[in-house]
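Read the structure below first, then the notes.
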Amino acid sequence: MKKISVYEAEGMALCHDITEIVPGKFKGRAFKKGHIISKPDILRLLNLGKEHLYVWEINETAIHEDEAAIRIARASAGPGLALSEPKEGKVELKAQMAGLLKIDVGALEEINGVSEIVLASLHTNRMVRTGQVVAGCRVVPLVIDGDKIRQVEAIGLRCFPVVQIKALQSLKVGVVTTGSEVYYGRIQDAFGPVLEQKLTQLGSQILRQVFTDDSTEMIAEAINSLIQQGAEMIITTGGMSVDPDDVTPAGIKAAGGHVVAYGAPVLPGSMFMLARIGDVPVLGLPGCVMYHKTTIFDLVVPRILAGEEISAKDIVRLAHGGLCSGCESCLFPDCHLGKGS
C-alpha cells in the first residue's frame, strides 16, 4: 500500500471505499475497495476532493483478488463447467449440464494448502443439475503474491481436471427378477416399475425384464441371454438375502460373473452385489431398493453410467457417510448420504 497522486493512480487498486456526499440528496459509496482506477475515474475523484489516494500496486508480484479468483477457477475447472464473472472477489464454477460431479480431492486439498487461497466445492460423486454452483474460489487478501497463483496453476495443470462434470451414458439395461412367488404369479412384481422410473431419470432404459424361479441355472441363463440381446448392464432383483431359497448371488457367479463386492457398508443396501461379465456390470439389488427412496443404487449406478469401473475399494469407501438418516422429507443428494466417498 502506498500514497500517490490521483494523477498517477490509473491501473491501481483502491485500498478503501471512497464515499460521495451530495448535501441533502445522497450519501453513499462512489468507489469500492479494490476498484481498479481507470482514466475517466480520475476527474470524478478530483471532483470528490481526492488529490491523493492509498492504493495497492498490481504487478507481476501482486495480483488483484478478481484476477486471482479467475485464474484459480480456470486452473481448476474441467469439462462441463462455466465460470461466473468475479463478484466481491469470488468466482463460481457452475454446471453446464446435469451429470456426475467429480472432484480430485487430493488436488483440492493441495490447492487449499497454498496460503491465502480458497477453493470450496460440493462433495464429489454426486449428481448435479444444469446451472448448479458446484464450487467457488477467491483469495483472502485484496491482493496476493503472484507466486501463489502460479503455484495453484501448476497444481491444476498437473492434476487436471480438479473439478469436472461427467455426462451419464444411456445404457440398455437387462433386468432379471428372481423368486418363485413372482415367477408363478402368486404376487405381482413391484421392483420393475421402481427400476424403470429410476433408470429413466438417469437417461437409461430397460431392454427387457425376465422372471425366473429360485434356480441358479435359470438365473445364469437369463443373465447371459440378456447380454446376448445387447444388454449393457444387468440388474438382478430378489434372492439377495441369506435365506436358503435366495440363490441370486450363485446365479450371477454361474453366469460367469467376476464378483467385485458382495455386501456394501451402506444402510439401506448392505446385501448388494457388484460383479462383471466382461465389460458388462452386473448388480444384485437388495429388496430395500424397492421401498426406500434412496439406497445403494443411488450411490453406485450414476457412477457406472458415468463410465467408471467401480472397485471393491470404492465400495468400502462408502462406509463413511453410508448411513441414511431416514429423514421424513428426503433431500438426497443434498444430504450426507454417500458424501464420505
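A single member of K102, K87 is open to solvent by 30 Å² or more (accessible area, probe 1.4 Å) and farther than 30 Å from R303 by Cβ, and it is K87.
Of note, T177 does not satisfy the criterion of being open to solvent by 30 Å² or more (accessible area, probe 1.4 Å), β-branched (V, I, T) and either in contact with a Cys (Cβ under 6 Å, 6 or more places away or on another chain) or not in a loop (DSSP other than H, G, I, E, B) (or both).
For segment 325-341, name all the residues that are within 27 Å of I206 (Cα to Cα) and crowded, with 16+ Cβ neighbours inside 10 Å. Those that are within 27 Å of I206 (Cα to Cα) and crowded, with 16+ Cβ neighbours inside 10 Å: F332, P333, L337, G338.
Scanning segment 29-56 for residues that are more than 29 Å from D145 (Cβ to Cβ) and either β-branched (V, I, T) or assigned to a loop (DSSP other than H, G, I, E, B) (or both) turns up L48, G49, E51.
Exactly one residue among Q197, Q164 is of a type outside the set (A, V, I, L, M, F, W, C), out of contact with any helix residue (DSSP H, G or I) (no Cβ under 9 Å at 6 or more places or on another chain) and crowded, with 16+ Cβ neighbours inside 10 Å, and that residue is Q164.
Within segment 316-332, the set of residues being under 19 Å from D104 (Cα atoms) and either acidic (D, E) or in contact with a helix residue (DSSP H, G or I) (Cβ under 8 Å, 6 or more places away or on another chain) (or both) comprises just one member, L318. Residues that are part of a strand (DSSP E or B) and modelled with pLDDT of 95 or more were ranked within segment 138-161; the one that is most open to solvent (accessible area, probe 1.4 Å) is R138. Number of residues in segment 20-45 that are under 18 Å from E88 (Cα atoms) and open to solvent by 40 Å² or more (accessible area, probe 1.4 Å) equals 5.
The values are calculated or read from the model by the stated rules, or taken from the named source; none is laboratory data. Note that the structure is predicted; figures quoted are calculated from it, not measured. Cβ coordinates were reconstructed from backbone atoms using ideal geometry, including for glycine residues, and neighbour counts include every protein chain displayed. These accessible areas exclude ligands, DNA and RNA; they are computed on the full protein's heavy atoms, side chains included. Shrake-Rupley method; radii C 1.70, N 1.55, O 1.52, S 1.80 Å.
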